[in-house]
Amino acid sequence: MQVSGPVTIETATALFKKGLESPQNSKLVIDFTSLEKVDSAAVSLMLVWLRAAQRNNVNLHFANVPDNLTSLVKLYGVAELLEPVVTPGATK
């Protein structure tokens, strides 16, 4: 699933639902290559996607996570939870 544009409090609910509507298979990659802007809602969104994936036995991976989102993940102290499923991307 490609995430593009802003991931903020205004867009998080729609993106969450889109992630849940992804095909029910054993693997889901959420690609942040086209991400434009983030706020703390992006971190929350990653965590709820991870929790939903674990509940549904889906192997979730976040690809091309930009540095600004990685910094927020570290700032909020949840890097330990997300690092195993994150591949860093380009600086945004």
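Residues in region 2-16 that are in contact with a helix residue (DSSP H, G or I) (Cβ under 6 Å, 6 or more places away or on another chain) and of a type in the set (Gly, Ala, Ser): Ala12 only.
Condition check: surrounded by 16 or more Cβ atoms within 10 Å (Cβ to Cβ) and among the charged types (D, E, K, R). Does Asp67 satisfy that? Answer is no for this residue. Of all the numbered requirements in (1) out of contact with any helix residue (DSSP H, G or I) (no Cβ under 8 Å at 6 or more places or on another chain); (2) surrounded by 13 or more Cβ atoms within 10 Å (Cβ to Cβ), Ser44 misses one, and that requirement is (1).
If the condition is being surrounded by 12 or more Cβ atoms within 10 Å (Cβ to Cβ) and of a type outside the set (A, V, I, L, M, F, W, C), then region 72-82 contributes Lys74, Tyr76.
Okay, residues lined up against (1) touching a Cys at 6+ places or on another chain (Cβ under 6 Å); (2) polar (S, T, N, Q); (3) free of Cβ contacts under 8 Å to residues at least 40 places away in the same chain; (4) more than 13 Å from Gly89 (Cβ to Cβ):
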residue: Val3; (1), (2), (3), (4): no, no, yes, no
residue: Thr8; (1), (2), (3), (4): no, yes, yes, yes
residue: Phe16; (1), (2), (3), (4): no, no, yes, yes
residue: Gly19; (1), (2), (3), (4): no, no, yes, yes
residue: Ile30; (1), (2), (3), (4): no, no, yes, no
residue: Val43; (1), (2), (3), (4): no, no, yes, yes
residue: Leu50; (1), (2), (3), (4): no, no, yes, yes
residue: Asn57; (1), (2), (3), (4): no, yes, yes, yes
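Taking the numbered list (1) at pLDDT 90 or above; (2) in a helix (DSSP H, G or I); (3) in contact with a helix residue (DSSP H, G or I) (Cβ under 7 Å, 6 or more places away or on another chain) in turn, Gly19 passes all entries but (1).
The values are calculated or read from the model by the stated rules, or taken from the named source; none is laboratory data. The model shown is predicted, which means the values in this text are computed figures rather than measured ones. Note that each Cβ is placed from the backbone with ideal geometry, even for glycine, and that neighbours are counted across all protein chains shown.
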